[in-house]
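Student: First, the structure itself, so that you have it in front of you.
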Amino acid sequence: MQCFIFLGIILLYLNIGAALKVGTSLAWIEHTPQPYAIKNFYKGSSSASLTSGGVANLATDKSFDLAANAETQGLKQYASHRNIRLIYIICEVAYRIVADGSKGIKSLADLKGKKIGSIQGTSANVFVDMMMKNVDRFIDCALIVTDVCMKAPCASNTLPQQLKSGAIDAFGIWEPAVELGAQALGQNAVLFQNASIYREVYALYSTTDVLNDPNKRKDVVEFVRALNKTLDVFTNEPEKAGIYDFVAKAVGMDAPVVKAVWGDHKWSGRWDAKELVEFLVKEDAYLATMDKRTPIPRTELEKFLDTSVLDEL
Ligand SMILES: *[C@@H]1O[C@H](CO)[C@@H](O)[C@H](O)[C@H]1NC(C)=O
Ligand SMILES: *[C@@H]1O[C@H](CO)[C@@H](O)[C@H](O)[C@H]1NC(C)=O
């Protein structure tokens, strides 16, 4: 008996066998490689568990080892918590804006003076703003904040119902809400997408504290290894491996809708450091203005991107 207790204390002290705790949204398609990886490939020293949350958890709660979130939330947290590291890209999504063509909207410029739905302070808000500013720096259109719906039938106060009822003229947000909006409008749906202006970079984050702990780090490497195997399946055999059903079930969507938006999801893994730093410098400058803080220096953004776990696979 004493022996077991003693062993238990040593294991606790060495941090061996403690479950890996990951903060992530559980409602988005982007997060689903994580449950798939845990179920099919993860071989860490103990289990890994997903807790509803995101990169903000890493900043405030030491019980979290990893978190997944869009780069927008990553930058917002990194601005004041420089121990956070982006270690893997799970998914990149070129968001879309869906507009009601019956209101005379053919191009983004036609959205001048119109009401566009999105959710404030999110990557989708950044996307809509950047798309509009790219058309005209001074374009005037109202951002209407609404709830998002990911599975039909959708309530009347949500995207996409607000577009269908005519309460708003367009909206831009993550999938599959835009797909549902396009389906609701049928032939009147007009879609805008431009990955070179904005794409969501949905990434996996950790902290230098976790990465510097040799036992934790081993499990983090195993988790990324399992994710990397998952992305291969998601990219190359989604139909054969039953991924549309798996994803639909995991996030409470319909499998045909998941399949319809699959092509907008790029399961990336590694990144081009030069390109991504440029992208982040630009987005951070925008966020710094919105959040009334100083921009993160480029050299600090270079430190934010950490390929060391990937290099260990
Ligand atoms: C995307 O935006 C860039 C920058 O304004 C522009 O050069 C390009 O033509 C756009 N692509 C599409 C498909 O609209
Ligand atoms: C990650 O997966 C990709 C795609 O299957 C593969 O090409 C790459 O070698 C893997 N990376 C590592 C470090 O294992």
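The values are calculated or read from the model by the stated rules, or taken from the named source; none is laboratory data. Keep in mind it's a predicted model, so treat the numbers as computed, not measured. We place every Cβ from the backbone using ideal geometry, glycine too, and count neighbours over all the protein chains shown. SASA here: full protein model, heavy atoms, side chains in, ligands and nucleic acids out. Shrake-Rupley method; radii C 1.70, N 1.55, O 1.52, S 1.80 Å.
Student: From largest to smallest, what semi-axes in whole angstrom does region 96-192 give when each is the square root of 5 times an eigenvalue of its alpha carbon gyration tensor? List each step's numbers first, then the result.
Tutor: On the way: eigenvalues 74, 44, 23 Å².
After scaling each eigenvalue by five and taking roots: 19, 15, 11 Å.
Student: Of the cross-linked pairs Lys112/Lys292; Lys151/Lys292; Lys39/Lys62; Lys216/Lys259, which ones have a Cα-Cα span greater than 29 Å in the structure shown?
Tutor: Those over the limit are Lys151/Lys292; Lys216/Lys259.
Student: Excluding ligands, DNA and RNA, what is the solvent-accessible area per residue of the chain at a probe of 1.4 Å, expressed in Å²?
Tutor: 45 Å²
Student: Say we join alpha carbon atoms closer than 10 Å with springs in a Gaussian network model of the chain; which of Leu180, Leu276, Leu211 then has the biggest fluctuation?
Tutor: Largest GNM mean-square fluctuation: Leu276.
Student: If you don't mind, another one. Asp311 to Ala285: extension gain in nm, 0.36 nm per residue of separation minus the Cα-Cα distance?
Tutor: 6.4 nm
Student: Something else about it: How large is the Kirkwood hydrodynamic radius of region 211-286, in angstrom, based on all distinct alpha carbon pairs?
Tutor: On the way: mean 1/r = 0.0665 Å⁻¹.
This gives a value of 15.0 Å.
Student: Using Cα-Cα distances under 8 Å and only pairs 6 or more residues apart, what relative contact order does region 96-192 have, in percent? Kindly include the intermediate steps, with their values, before the conclusion.
Tutor: Details: 172 pairs, mean separation 40.8, N = 97.
The normalised contact order for region 96-192 reaches 42 percent.
Student: Return the carbon/sulfur percentage of the accessible area of region 196-308, one whole number, probe 1.4 Å, all protein chains in place.
Tutor: Exposed carbon and sulfur together represent 54 percent of the surface.
Student: Right, here's the next one. Given the chain, what whole percent of its Cα pairs are spread farther than 28 Å?
Tutor: 42 percent
Student: A further question on this structure: For Lys266, put the label point 7 Å out on the Cα→Cβ axis and report which residues of region 90-129 keep their amide N under 13 Å from it.
Tutor: Zone members listed by number: 90-95.
Student: Treat every Asp and Glu Cβ in the chain as -1 and every Lys and Arg Cβ as +1, leave all other atoms uncharged, and give the resulting dipole magnitude about the Cα centre to the nearest 20 debye.
Tutor: On the way: 34 positive and 36 negative charges, 49 e Å.
Its charge dipole is roughly 240 debye.
Student: Let me ask something else about it. Tell me, what ³J(HN,Hα) does each residue in region 33-49 have, in order and in whole Hz, if you take phi through Karplus 6.51 cos²θ - 1.76 cosθ + 1.60 with θ = phi - 60° and put x for Gly and Pro?
Tutor: Along region 33-49, the couplings run x, 5, x, 5, 5, 5, 6, 10, 10, 5, 10, x, 5, 8, 6, 10, 10 Hz.
Student: In addition: Ranked highest first by the average count of other Cβ atoms within 10 Å around their residues, in what order do 220-226, 190-196 fall?
Tutor: 220-226, 190-196
Student: If each Cα of region 258-313 is one equal point scatterer, what is log10 of I(q)/I(0) from the Debye formula at q = 0.21, 0.26, 0.28 Å⁻¹?
Tutor: Each listed q maps to, in turn, -0.87, -0.99, -1.06.
Student: Quick check on region 12-122: what does the Kirkwood estimate of hydrodynamic radius come out to from the alpha carbon pairs, in Å?
Tutor: 16.8 Å
Student: Additional query: Could you tell me how many cubic angstrom of Cα convex hull volume region 136-250 has per residue?
Tutor: Hull volume over Cα atoms, normalised by residue count, gives 195 Å³.
Student: Further question: With springs only between Cα atoms under 10 Å apart, run a GNM on the chain and tell me which of Leu108, Leu204, Leu163 wobbles the most.
Tutor: In the Gaussian network model the winner is Leu108.
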